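The values are calculated or read from the model by the stated rules, or taken from the named source; none is laboratory data. None of the values given here were measured: they were computed from a predicted structure. Every residue, glycine among them, receives a Cβ derived from its backbone with ideal geometry; neighbour counts consider all protein chains shown.
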Amino acid sequence: MAHSKVLILGSGPAGYTAALYTARANLEPTLLHGPQPGGQLTLTTEVENYPGFPEGIQGPEMMEIFEKQVVRFGTNIVKAWATEVDLSKRPFTLKTSSGDEYTSDTLIIATGAEARWLGLDSEARIRDAGGGISACATCDGFFYKDKELVVIGGGDTAMEEATFLTKFASKVSIVHRRDELRASKIMQDRARNNDKIEFVWNSVVTDVLDTDGDNRIRAVELENTQNGEKTEFACGGMFVAIGHKPNTELFQGKLEMDKAGYLLTQKGSTYTSVEGVFACGDVQDAIYRQAVTAAGTGCMAAIDAERWLESQE
């Protein structure tokens, strides 16, 4: 059973930044890289909104750079993920997917959140190829200048994404399965009053279409939820805005969460409801969900953990 002063779960910008700061503080952190090494950025093609990369950078390449940097300062990276965790006593105990056990004085949780997708095979294929499907308008909207776009959803997130996309797109069509929106009135009004936004009611996307398997979206197939009629709806990009799912199943009943499952942290810090356990990145951020904000909270978690350890000596 290996022991660390600091054990970090997750290898996105938050986890790697926490590792960088704790490693440079000579805390010799261990980082479990999780089932998706590099986190959500490994699903992203071009990243142009992270400071320090004036020409942009591919998401997977950025995460490789992050990893090299933390290894340089002594982070021990383990290619596994936590399957069980005991936070009832210190040191904390974790079991991993490889069957190993780890103990730690502090735990930094940076397991992130996943966008909820439609679950279509064509959606996954075109999305993974970088062919015009996204779940983040702030991240990717710039790449869709003068295109006609489709946004899927009916809540505040969908209205916000659609409104933001009108800065770049020539037209944005919001596709919703019902004829009423779940979004708050102020967000609905903002979308309804935007000349570039149209609504496609009582419809669901049943397929994403490309041209001869080129993995570039050209249209979506819509099915009317009232009469079952299917139509082809041309578009140059699709943004799925049906929510995110934080990766917190492991901590159900062990840490305080909000109703959506995001870990709750004390205001102005990364402290969770258990002493010595800290949360950073998208696992505790339902609002911004950006690489740069995740990295910022990773820094906070590292400093919080370091100071907490000092207070225990």
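Annotations for the structure displayed:
- Some residue of segment 277-298 being farther than 20 Å from S11 by Cβ and of a type in the set (G, A, S): yes
- Residue match in segment 143-151 (condition: part of a helix (DSSP H, G or I), in contact with a strand residue (DSSP E or B) (Cβ under 8 Å, 6 or more places away or on another chain), closer than 28 Å to V208 by Cα and not aliphatic (A, V, I, L, M)): yes
- A124 falls short on exactly one of the conditions (1) crowded, with 17+ Cβ neighbours inside 10 Å; (2) without any contact (Cβ under 8 Å) to a residue 24 or more places away in the chain, and that condition is (1).
- Residue in segment 213-229 that is under 19 Å from C136 (Cα atoms), out of contact with any Ser or Thr (no Cβ under 6 Å at 6 or more places or on another chain) and among the charged types (D, E, K, R) present: yes
- Filter result (assigned to a loop (DSSP other than H, G, I, E, B), modelled with pLDDT of 85 or more and among the hydroxyl-bearing types (S, T, Y)) within segment 1-57: S11, Y50
- Residue under evaluation Q58, criteria (1) under 19 Å from A295 (Cβ atoms); (2) in contact with a Phe, Trp or Tyr (Cβ under 7 Å, 6 or more places away or on another chain); (3) of a type outside the set (V, I, T), criterion not met: (2)
- The residue pairs whose first member lies in segment 286-302 and is under 19 Å from G52 (Cβ atoms), whose second member is in a loop (DSSP other than H, G, I, E, B) and of a type in the set (A, V, I, L, M, F, W, C), and whose beta carbons are closer than 6 Å, counting only pairs six or more residues apart or on different chains, are T297/C280; G298/C280.
- The criterion of at least 3 residues that are under 27 Å from A129 (Cα atoms) and touching a strand residue (DSSP E or B) at 6+ places or on another chain (Cβ under 8 Å) is met by the following strands (runs of 3 or more DSSP E) wholly inside segment 228-313: 230-234, 237-240, 244-246.
- If you go through segment 271-288 and keep only what is under 13 Å from the mean Cα position of the chain (by Cα) and buried (at least 20 other Cβ atoms within 10 Å of the Cβ), you end up with C280, G281, D282, V283, Q284, D285.
- The condition of being in the same structural domain as Y21 (by TED's automatic domain parsing), within 22 Å of the chain's Cα centre (by Cα) and not hydrophobic (A, V, I, L, M, F, W, C) holds for K79.
- Residue tally, condition out of contact with any Gly (no Cβ under 7 Å at 6 or more places or on another chain) and closer than 26 Å to M300 by Cα, over segment 96-106: 4
- Hey, S184 in contact (Cβ under 8 Å) with a residue 12 or more places away in the chain and within 30 Å of E310 (Cβ to Cβ) or not: no
- Within the option set T42, T17, being within 19 Å of C136 (Cβ to Cβ) and either among the hydroxyl-bearing types (S, T, Y) or not assigned by TED's automatic domain parsing to the domain that holds I109 (or both) holds for one residue only, T42.
- Residue that is nearest to R127 (Cα to Cα), among those in segment 199-239 that are surrounded by fewer than 15 Cβ atoms within 10 Å (Cβ to Cβ) and among the acidic types (D, E): D214
- Among the candidates R182, R177, R192, residue that is in contact with a strand residue (DSSP E or B) (Cβ under 6 Å, 6 or more places away or on another chain), within 27 Å of K230 (Cα to Cα), of a type outside the set (S, T, N, Q) and surrounded by fewer than 21 Cβ atoms within 10 Å (Cβ to Cβ): R177
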